[in-house]
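Shown next, in structure tokens, is the structure this report addresses.
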Amino acid sequence: MPGRTRPIDKFATAVGRCSKEGSSYGKCIMADYNNVTKDKCITEFLKLKDCYLVRLTIITSPSQKKN
Amino acid sequence: MNFLSVRAFIPPLTRRTLPLRTTRRYAVQAAGAPTIEIFSQQHKWMQKERAAKDVEASRGVDYLRDEVASRLCERLLDINRHFPHVLDLGANACNLARQLTLPSVDSPDAGPRSNRVGKITAADSSETLLFRDADLPFNREVDINREVLTTSELLPYEANTFDAVLSSLSMHWINDLPSVLAQANNVLKPDSPFIGVMMGGDSLFELRTSLQLAELERRGGVATHTSPLADVRDIGGLLQRAGFNLLTVDVDDIVVDYPDSFALMKDLQAMGESNAVMSREKGAIQRDVLLAAEGIYRELHGNEDGTLPATFRLIYMIGWKPSPKQAKPLERGTGMFSIKDFLEKDKKGDGESK
């Protein structure tokens with residue numbers, strides 16, 4: 001299909017619009033990156049994921065819904 | 001029934017996935033310890049074929065290979081002789097041959113660099129990638145002969161064939177490096193150079209660390225997403241073990257800035273340089289991990305202008321096949337004057353003249 005957007009591109013665009021949440025997640029890891037354990041930054045990550053999921057629905061939904 | 005007789009009739013893709021042990025092999029210098037298979041050659045071959053099928057995308061990511069090939073050509077031209085027959089081992093898309101047709105960066109008026117090179121044999125295991133640029137104009141400017149290898153670890157050439165063996169950015173996928181280097185030594189004529197460059201050391205350490213931290217936090221463990229690479233310190237030993245003389249090893253860092261980590265991963269995929277480690281996790285990387293890694297990459301390594309740097313550490317190596325006529329290093333203690341005095345005198349002289 002010509003002009004088809006690859007899933008990774010959609011993913012990248014959606015993530016790119018969540019830079020604030022991404023950076024707060026990164027800061028949480030950076031605070032002590034020698035001692036990272038599972039779910040250490042779960043709250044920040046969930047915020048990031050929520051933001052990403054919202055952005056993704058906006059990108060993938062048909063254009064009339066966006067307007 | 002003899003298995004060998006059937007092999008020719010099996011379709012190429014299936015043939016690749018059959019074990020090679022059943023076929024005859026050239027006798028090569030045994031490397032000593034049995035080889036451990038770290039990289040899946042079949043998987044690597046498939047990645048390269050797939051990447052090269054998308055010609056546009058594949059040409060779009062030639063920036064790294066072209067730059068490295070150009071630097072390698074400069075090293076070849078530093079040797080003041082004519083090379084009638086050169087082997088380009090692991091040629092990818094013949095980037096080396098193409099760079100040879102361009103003039104040198106230092107002396108743009110001297111004509112193409114290929115003046116000093118006769119025939120080039122470009123050998124690679126991936127046919128699609130090798131023939132990707134076969135109909136571009138540069139092919140007419142240089143005598144190039146493309147040969148598809150059955151595996152990238154066996155060189156089907158007679159001993160003492162080539163006046164130089166070059167290898168640009170393909171040796172980091174080879175499992176048995178000592179054996180391949182020994183074969184390269186074998187196909188060289190006496191007193192001829194092997195000049196190679198491979199990815200090594202801390203290449204892509206930014207991506208590596210971000211993925212590790214992301215996986216540790218998301219999944220509580222680490223999987224292999226980037227290859228283990230040879231270190232600068234290992235190269236000298238490897239070349240020596242393969243029987244090379246007069247070794248030179250040097251390191252060059254190329255830092256490329258990408259808009260985000262996905263652009264880097266997409267480019268690596270288009271180069272055919274995706275993960276092919278045997279112990280890799282099968283299937284795609286989890287979205288959660290990618291999401292987390294992007295945030296960490298940006299925070300830990302990101303530039304101020306919002307781009308993400310990726311470091312490629314290139315290890316250049318030069319070794320010479322021994323020959324009785326070759327110049328030998330002088331014995332220890334036979335030096336007539338101190339190099340320190342000589343260099344300092346030079347510096348002082350420069351200062352005075354200014």
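When the criteria are applied in full, B:PRO259 fails the requirement of being away from chain A (no Cβ under 14 Å) and either at pLDDT 95 or above or loosely packed, with under 14 Cβ neighbours inside 10 Å (or both). Out of B:ASP109, B:ASP143, B:ASP54, one residue alone is of a type in the set (Asp, Glu), more than 20 Å from B:TYR316 (Cβ to Cβ) and modelled with pLDDT under 90. It is B:ASP109. Just one of the listed residues (B:THR151, B:THR224) is more than 14 Å from every other protein chain (Cβ to nearest Cβ), surrounded by fewer than 19 Cβ atoms within 10 Å (Cβ to Cβ), under 30 Å from B:ALA263 (Cβ atoms) and touching a Ser or Thr at 6+ places or on another chain (Cβ under 7 Å), and it is B:THR224.
Test B:PRO156 against the stated conditions and say whether it is buried (at least 19 other Cβ atoms within 10 Å of the Cβ), in contact (Cβ under 8 Å) with a residue 40 or more places away in the chain and more than 20 Å from B:ARG65 (Cα to Cα). Against the criterion (buried (at least 19 other Cβ atoms within 10 Å of the Cβ), in contact (Cβ under 8 Å) with a residue 40 or more places away in the chain and more than 20 Å from B:ARG65 (Cα to Cα)), B:PRO156 does not qualify. Within region A:28-54, residues that are over 17 Å from B:ARG287 (Cα atoms) and more than 7 Å from chain B (Cβ to nearest Cβ) have Cβ atoms under 6 Å from residues that are β-branched (Val, Ile, Thr) and crowded, with 17+ Cβ neighbours inside 10 Å in no pair, counting only partners at least 6 apart in sequence or on another chain.
Residue by residue, here is whether (1) modelled with pLDDT under 90; (2) within 14 Å of chain A (Cβ to nearest Cβ); (3) touching a Pro at 6+ places or on another chain (Cβ under 8 Å) holds:
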residue	(1), (2), (3)
B:GLN269	no, yes, no
B:GLY295	no, yes, no
B:ALA310	no, no, no
B:MET317	no, no, no
B:PRO322	no, no, yes
B:LYS347	yes, no, no
B:ASP350	yes, no, no
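Condition check for B:THR35 on (1) assigned to a helix (DSSP H, G or I); (2) modelled with pLDDT under 90: one failure, at (1).
Of all the residues in region B:298-308, those that are assigned to a helix (DSSP H, G or I) and more than 8 Å from chain A (Cβ to nearest Cβ) number 1. For B:GLN286, the conditions (1) away from every other protein chain (no Cβ under 14 Å); (2) surrounded by fewer than 17 Cβ atoms within 10 Å (Cβ to Cβ); (3) in contact (Cβ under 8 Å) with a residue 40 or more places away in the chain all hold with the exception of (1).
The values are calculated or read from the model by the stated rules, or taken from the named source; none is laboratory data. Predicted, not measured: the structure shown is a model, and the values here were computed from it. Counting neighbours? That spans all protein chains shown, and the Cβs are built from the backbone with ideal geometry, glycine included.
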